[in-house]
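Engineer: Take this structure, written in structure tokens, and hold onto it; I'll ask about it next.
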Amino acid sequence: MYTTLISAEQLKHLVHDHKPLMIFDCSFELMQPAEGNQQYERVHIAGAVRADLDRHLSAKGANAVNGGRHPLPRPEVFAAWLASVGFTADMQAVVYDRQGSSFCGRLWWMLKWVGHEAVAVLDGGLPAWEAANGPVAVGPDQPRVRTSFKAGAPRAVLASSDEVLKHLELPDQTLVDARAPARFRGEVEPLDPVAGHIPGALNRPFNLNFGPDGKFKAPAQLKAEFLELLAGRHPGSVVHQCGSGVSAVPNLLAMEIAGLGRAALYAGSWSEWCSNPARPVARG
């Protein structure tokens, strides 16, 4: 069972051995939402299921559990989608994208959230798969036989805005913001109506988790970097956030790769936080 990362070669072995497996293509472009689907149709890992951030991994209205730009669907709604694409509880799930693993972590976390531990991020994404001469396909996603997959007990911790506010700047909560430094400081804000960050948050841009090859850094290096960032704060106090709860996951996954445990995720993140003018805002 792979629970954090899987290499292209390891995935090739699973495919070759016909293990119970489902691969998900989570490619997405934040400023051009339709582009991810077009990228999938141009080329994807053979047999991969399309998992679109807007259509499959987010929800609105009564189907959502939080606010912000990419609200999580209720667990039973998400589980129903997994069932519709033929996912079963005995499968190894593998998630990938072609955007430096900045979007596929969302599905990695969501599967943990509905109780499915056997899910891993393809280290290096589609480029690593192509470099390893893994089989690819073209064209739209194909219908699959529905299963009866149901959500189980969560294996991931979801923090709400009220919980974050309640523990704001207390020692039992350490917020880690994955956005770019200029957005964190409030100098620019291209997506949300208010610029700045949650008071007391630390800043670690999610792209710091990757080496020049697009793969996650070694566990020892990640551990050293996070311990330096935390500066004595307990790793168990960490709550990860970003703009809308998506790019925070590479930080969360990196901590787990580093052996620092599975931290909480504030999925609403800055976009939900700043929607209420009563919540405090920090800049600089």
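The values are calculated or read from the model by the stated rules, or taken from the named source; none is laboratory data. It should be emphasised that the depicted structure is a prediction, and the values quoted were computed from it without experimental measurement. Because the Cβ atoms are built from the backbone with ideal geometry, glycine has one as well, and the counts that use them run over all protein chains shown.
Engineer: Those residues that are assigned to a strand (DSSP E or B) and touching a Phe, Trp or Tyr at 6+ places or on another chain (Cβ under 7 Å), I need them from the stretch 256-283; list them, please.
Structural biologist: L265
Engineer: Exactly one of (1) farther than 29 Å from G124 by Cβ; (2) in contact with a Lys or Arg (Cβ under 8 Å, 6 or more places away or on another chain) is unmet by G211. Its number?
Structural biologist: Single failed check for G211: (1).
Engineer: So for the stretch 87-107 (the condition being at positive phi, buried (at least 23 other Cβ atoms within 10 Å of the Cβ), within 13 Å of the chain's Cα centre (by Cα) and not β-branched (V, I, T)), does at least one residue qualify?
Structural biologist: There is at least one residue in the stretch 87-107 that is at positive phi, buried (at least 23 other Cβ atoms within 10 Å of the Cβ), within 13 Å of the chain's Cα centre (by Cα) and not β-branched (V, I, T).
Engineer: Related question: With out of contact with any strand residue (DSSP E or B) (no Cβ under 9 Å at 6 or more places or on another chain), closer than 27 Å to G134 by Cα and acidic (D, E) as the only criterion, which of E35, E76 stands out?
Structural biologist: After applying the criteria, what remains is E35.
Engineer: Those residues that are touching a residue at least 40 places away in the same chain (Cβ under 8 Å) and in contact with a strand residue (DSSP E or B) (Cβ under 7 Å, 6 or more places away or on another chain), I need them from the stretch 98-117; list them, please.
Structural biologist: G100, S101, C104, G105, L107, W108, W109, K112, W113
Engineer: Six or more apart or on different chains, Cβ atoms under 6 Å: show the pairs whose first residue is in the stretch 188-204 and touching a residue at least 60 places away in the same chain (Cβ under 8 Å) and whose second is assigned to a loop (DSSP other than H, G, I, E, B) and among the aliphatic types (A, V, I, L, M).
Structural biologist: Short answer, once both residue conditions are applied: G196/V281.
Engineer: Just need a number here: residues in the stretch 174-183 that are in a strand (DSSP E or B) and within 20 Å of V194 (Cβ to Cβ).
Structural biologist: Residues in the stretch 174-183 being in a strand (DSSP E or B) and within 20 Å of V194 (Cβ to Cβ): 3 in total.
Engineer: If you don't mind, another one. State whether one or more residues within the stretch 43-65 are assigned to a loop (DSSP other than H, G, I, E, B), touching a strand residue (DSSP E or B) at 6+ places or on another chain (Cβ under 8 Å) and of a type in the set (D, E, K, R).
Structural biologist: No - not one qualifying residue is present in the stretch 43-65.
Engineer: Report yes if some residue within the stretch 188-202 is modelled with pLDDT of 95 or more, of a type in the set (D, E, K, R), surrounded by fewer than 15 Cβ atoms within 10 Å (Cβ to Cβ) and on the phi < 0 side of the Ramachandran plot; otherwise report no.
Structural biologist: No, because not a single residue in the stretch 188-202 is modelled with pLDDT of 95 or more, of a type in the set (D, E, K, R), surrounded by fewer than 15 Cβ atoms within 10 Å (Cβ to Cβ) and on the phi < 0 side of the Ramachandran plot.
Engineer: A8 fails exactly one of the following numbered conditions: (1) surrounded by 18 or more Cβ atoms within 10 Å (Cβ to Cβ); (2) modelled with pLDDT under 95. What is the number of that condition?
Structural biologist: (2)
Engineer: Still on this structure, please answer the following. Got a sec? Which of A254, A258, A248, A267 is modelled with pLDDT of 95 or more, crowded, with 24+ Cβ neighbours inside 10 Å, in the same structural domain as G196 (by TED's automatic domain parsing) and farther than 18 Å from H167 by Cβ?
Structural biologist: Selected residue: A254, the only one of A254, A258, A248, A267 that is modelled with pLDDT of 95 or more, crowded, with 24+ Cβ neighbours inside 10 Å, in the same structural domain as G196 (by TED's automatic domain parsing) and farther than 18 Å from H167 by Cβ.
Engineer: Further question on the same structure: Would you please list the contacts, defined by Cβ atoms under 7 Å and residues six or more apart or on different chains, that run from a residue in the stretch 271-284 that is in contact (Cβ under 8 Å) with a residue 40 or more places away in the chain to a residue that is exposed (fewer than 12 other Cβ atoms within 10 Å of the Cβ)?
Structural biologist: C274/P193
Engineer: Here's another thing I want to ask about it. Go through (1) over 16 Å from the mean Cα position of the chain (by Cα); (2) farther than 29 Å from W273 by Cβ; (3) in a loop (DSSP other than H, G, I, E, B) for A83 and report which single condition fails.
Structural biologist: Condition not satisfied by A83: (3).
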